Amino acid sequence: MIWCFESPCWSEVSVLNHDSTSEGTDFSTELHNLWDELRGLRELVLNLQAEKVGQREALQSMESRLKDREIVAEQQRQNLEELQVSASQQIDQIRVVLLTELSYGLKGRLEELEGQNKGQVCCFSLCVLSLAAELPFLQTRLRATESTVEQLRRKNTGEPKVGFSAGLTNAGLVGPFDEETTLIFTKTITNLGQGYNQSSGVFTAPVRGFYYFSFTAADFLKGYMGLYLFRNDQPIVFSLGLNDHGGYTSTSNSVALQLDKGDRVRLSLPASYRLYDDSRNFSVFSGFLLFPL
């Protein structure tokens, strides 16, 4: 049997019997398969050779472009060096011009300032003479001012400082009671001068003077709410509110009173009335001395 590798055909030159066995048929099939594999390998080799040629041409193209870019870069470097030299020369020229102009400008400005200083020296001398003439008068006014300040300081130091502010309770509802009851604001917020008694709920004036008092009371149930402000045993202010919607409501009032030393001021809850307070301080009683008399 003879194989031909240059053409896609192949032939047998051996004489075979027409009634060849099945073994001869299998051998012929294997030869066909082998030939197909050889032909595929040949095509693969040819493709690889073509791809190699293409890669070689691409590499040569890249080398050519790289050389062109190196030439351009070298030209740009030379241009940059020339620009640096030119810029350095221009900077030197500008520096010389600026120094020359600055020198002439400073000289002229110095002469101008010298002329102004002569006039300012004269003006300054006149101002010094004027201040020297006013100095005794200014010293007298300064002493008078210092004396007034010292008198005010002593007066303020001697005046008593009185003021307080207290919340009612953290317990919630207060009242109603069967009779009028003094409210004891148990949560002392401020008590300057110790005029407010936390145990009795009564403020006692430590000095004769003009005082200012204010209060706010709250409730959240339907019905009447209100309270009196007493000076000693005399009711001075009555503040009333009607809670007809069942939500939180409040009433507030204030008054300025002239008190003698020992006079007492308190808040009182009428019979069958009630208030409310908790940690948020809805109900507060405050007062302070405006000035002594």
Can you tell which of D219, D260, D244, D233 is more than 27 Å from P292 (Cβ to Cβ), exposed (fewer than 13 other Cβ atoms within 10 Å of the Cβ) and among the acidic types (D, E)? D244
Subset of region 164-180 [assigned to a strand (DSSP E or B) and at positive phi]: G172
Of a type in the set (D, E, K, R), modelled with pLDDT under 80, part of a helix (DSSP H, G or I) and surrounded by 10 or more Cβ atoms within 10 Å (Cβ to Cβ): is that true of E114 in this structure? no
What number of residues within region 274-293 satisfy the criterion of being in contact with an Asp or Glu (Cβ under 9 Å, 6 or more places away or on another chain) and more than 29 Å from P206 (Cα to Cα)? 3
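The values are calculated or read from the model by the stated rules, or taken from the named source; none is laboratory data. In this text the structure is predicted, and so the values were computed from the model without any measurement. Methodologically, a virtual Cβ is constructed for each residue, glycine included, from the backbone with ideal geometry; neighbour enumeration extends over all protein chains shown.
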